[in-house]
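First the structure, in the form of C-alpha cells, and then the observations on it.
The values are calculated or read from the model by the stated rules, or taken from the named source; none is laboratory data. All of these numbers come straight from a predicted model, not from anything done at the bench. So basically every Cβ, Gly included, is an ideal-geometry build from the backbone, and we count neighbours across all protein chains shown. Heads up: the accessible areas ignore ligands, DNA and RNA and are worked out on the full protein's heavy atoms, side chains in. Shrake-Rupley method; radii C 1.70, N 1.55, O 1.52, S 1.80 Å.
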Amino acid sequence: MQGFRGAAVLRDLIGSAGAGDAAIAAAVARIGADEVAGILVDELLNRAELQAIPQLAERPLVVLFELTAPGGPVRHWVQVGGGKTTHGPDDLGSAHATVDLPLTELVRVVFGPRGEGELKGHRIRWRDFEDQAALAADMHVVPVLQHLLSGTTRQPVDLAGLSLRQGSDKWGLHFYSQHYERHFEPYRDRPLTVLELGIGGYQDPAAGGGSLRTWKRFLPRALVFGVDIFDKSGVAEQRIYPIKGDQSDPAFLESLAAEIGPIDIVIDDGSHYCPHVVTAFHTLYKHVAPGGLYVIEDLQTSYWPGYGGSSENRNDPATSMGLLKELVDGLNHAEYQLEGYEPSEYDLTIAGMHFYHNLAVLEKGRNEEASLPRWVGRERVV
Ligand SMILES: C[S@@+](CC[C@H](N)C(=O)[O-])C[C@H]1O[C@@H](n2cnc3c(N)ncnc32)[C@H](O)[C@@H]1O
C-alpha cells in the first residue's frame with residue numbers, strides 16, 4: 001500500500017472502528033489525533049451532500065469540531081459557503097456552531113459497523129443562540145450542521161439515486177443498481193477493498209469516477225481502487241484511488257493485486273472487449289478474498305463481433321458469456337461422471353453465480369459439497 005497515499009492509515013483506522021474503544025484509541029495514538037480529526041471531517045463533508053441545501057449561504061459559515069482526545073482537545077474547522085468548502089486545523093475564528101464530542105466516538109460512528117451505536121456524547125454550541133437577529137442572518141448553519149452530522153448515522157441508501165447523483169451510468173442507462181443493492185448490502189458493514197476496472201470519463205483526467213464515488217458512499221468502510229487506461233488522477237479523493245493501467249495486461253494486474261489484495265469486490269466495467277474481460281478474470285479472480293464477489297458488467301458485448309463476441313458461437317469460452325457458461329457447470333462438478341476428474345480452483349471456489357440482463361455476479365466461497373452417496377442409483381428407476 002506504499003504507493004497509495006494514506007491508504008494504510010485509513011485501513012488501520014477503519015479496522016479499529018469496529019473493534020472497541022481501546023482499539024480505536026490505539027489507532028489514534030499510532031496515526032495522530034490531528035490526522036484522524038481531518039480524516040473524519042473529510043468523510044462527514046463527503047457524506048453531507050451540502051449542495052442539496054437550498055440557497056446555501058453566500059457568506060461563509062464556520063463550524064468547529066472540538067474533539068476530546070487523551071492529549072487534550074483537537075480542533076478542526078470547516079468553512080462552507082461563499083463558493084467553496086474547506087476544512088483544516090487552522091483557526092478560522094469564531095465558529096457559528098461548535099460540535100463537542102470525544103474523538104473515539106466520532107471514529108466509531110463514522111467508520112464502525114452499524115449496531116456500534118449512534119452519536120450520543122455530543123454537545124452543540126451555537127454562537128448566536130441568544131441573538132435572534134444574528135442567528136436569523138446565518139440560519140443556514142442549522143442545515144449545514146444537520147447535513148454534517150447525518151454522516152454519523154447509517155441510513156438506508158437508494159443506490160439508484162446515489163449513482164445518478166454521482167454521475168455513474170449504472171442506473172438509467174444500464175439498470176444494475178437494484179442488483180448491486182441486493183448483492184452489496186451484506187458488505188456495507190465490513191472493512192473492504194474494492195477494485196473497479198473502468199473509471200469513466202475517458203481522456204479527461206478529472207471526468208468520470210461516478211461509480212467510485214457511489215461505492216465510497218454505499219460502502220462506508222471500503223477503500224475503493226479504480227483502474228483506467230487513461231490518467232484519471234483528477235478523481236482521487238479520500239478512500240478513492242485511481243490507477244492508470246490496462247486491464248488486458250496481466251503483469252500490471254498482478255502487481256496491483258499484490259499491493260492492494262486480497263480484494264473483496266472486483267467490478268469489471270472497463271473496455272468490455274471479450275479478450276480483456278477474460279484476461280482480467282483469469283488474472284484477478286485468484287486475488288478475490290473468500291466470501292468476496294467478482295462482477296462483470298455490459299455482457300451485451302459477448303454477442304457483438306466488434307468486441308470479440310459472437311451471436312452464433314454463444315458458448316465460445318473466448319467470449320465473456322462463453323467463459324461464464326463454462327464456469328457455471330463447475331458449481332456441479334461433484335456430479336460429473338468422469339473418472340479421475342480433478343476439480344479446478346474455479347470449481348472449488350465459485351459458490352454462486354447470478355445472472356441479470358448484461359450483468360453477472362460471482363460469489364467466491366467454498367463449493368466442496370459432495371454428491372449423493374454411491375448407493376443412490378445413477379440410473380433412472382421409473
Ligand atoms: C463505461 S466507462 C466506466 C464507467 C464507470 N465505471 C461508472 O460506472 O461510472 C469505461 C472506462 O473504461 C476505460 N477503459 C477502456 N479500455 C480499458 C482498458 N483496456 N483497461 C482499463 N480501462 C479501460 C475507459 O477509458 C472508460 O473510462
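Points worth noting:
- Every residue from the range 199-217 that is surrounded by 22 or more Cβ atoms within 10 Å (Cβ to Cβ) and under 15 Å from the mean Cα position of the chain (by Cα): I199, G209, S211, L212, R213, T214, W215, K216
- Top-ranked residue in the range 190-232 [being aromatic (F, W, Y) and more than 7 Å from the ligand (Cβ to nearest atom); ranked as farthest from P262 (Cα to Cα)]: F218
- Y241 open to solvent by 10 Å² or more (accessible area, probe 1.4 Å) and more than 12 Å from the ligand (Cβ to nearest atom): yes
- Hey, G306 open to solvent by 50 Å² or more (accessible area, probe 1.4 Å), out of contact with any helix residue (DSSP H, G or I) (no Cβ under 9 Å at 6 or more places or on another chain) and within 16 Å of the ligand (Cβ to nearest atom) or not: yes
- Selection of the range 339-382 for residues being open to solvent by 60 Å² or more (accessible area, probe 1.4 Å), farther than 16 Å from D268 by Cβ and hydrophobic (A, V, I, L, M, F, W, C) yields A370, L372, W375, V381, V382.
- Search result, residues across the range 24-71 that are without any contact (Cβ under 8 Å) to a residue 24 or more places away in the chain and among the polar types (S, T, N, Q): Q51
- Number of the condition not met by M321 [criteria: (1) away from the ligand (no atom under 13 Å from the Cβ); (2) farther than 23 Å from H354 by Cβ; (3) not polar (S, T, N, Q)]: (2)
- Hey, D347 of a type outside the set (A, V, I, L, M) and part of a helix (DSSP H, G or I) or not: yes
Residue by residue, here is whether (1) outside any helix (DSSP H, G or I); (2) more than 23 Å from H174 (Cβ to Cβ); (3) away from the ligand (no atom under 15 Å from the Cβ) holds:
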position	(1), (2), (3)
F252	no, yes, no
A257	no, yes, no
D264	yes, no, yes
P275	no, no, no
L293	yes, no, yes
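- Taken over the range 168-189, the criterion of being more than 10 Å from the ligand (Cβ to nearest atom) and open to solvent by less than 60 Å² (accessible area, probe 1.4 Å) is satisfied by G172, S177, H179, Y180, H183, F184, Y187, R188, D189.
- When P102 is tested against (1) under 28 Å from S248 (Cβ atoms); (2) in contact (Cβ under 8 Å) with a residue 12 or more places away in the chain, just one condition goes unmet, and that condition is (1).
- Options Q79, Q55, Q155, Q132; residue that is closer than 30 Å to Y180 by Cα and open to solvent by 30 Å² or more (accessible area, probe 1.4 Å): Q155
- Reported count of residues in the range 247-270, each being touching a strand residue (DSSP E or B) at 6+ places or on another chain (Cβ under 8 Å) and either open to solvent by 20 Å² or more (accessible area, probe 1.4 Å) or among the basic types (K, R) (or both), is 5.
- Being more than 17 Å from L119 (Cβ to Cβ), of a type outside the set (D, E, K, R) and surrounded by 15 or more Cβ atoms within 10 Å (Cβ to Cβ) is a property that holds for V62.
- If you check G71, G88, G117, G83 for being under 31 Å from the mean Cα position of the chain (by Cα), more than 24 Å from P220 (Cα to Cα) and not assigned by TED's automatic domain parsing to the domain that holds A222, only one passes: G83.
- Pairs, first in a strand (DSSP E or B) in the range 168-197, second among the hydroxyl-bearing types (S, T, Y), C-beta under 7 Å, six or more apart: W171/S163; W171/S177; E196/S211
- Taking the criterion of being open to solvent by less than 10 Å² (accessible area, probe 1.4 Å) and aliphatic (A, V, I, L, M), the residues of the range 271-288 that qualify are V277, A280, L284, V288.
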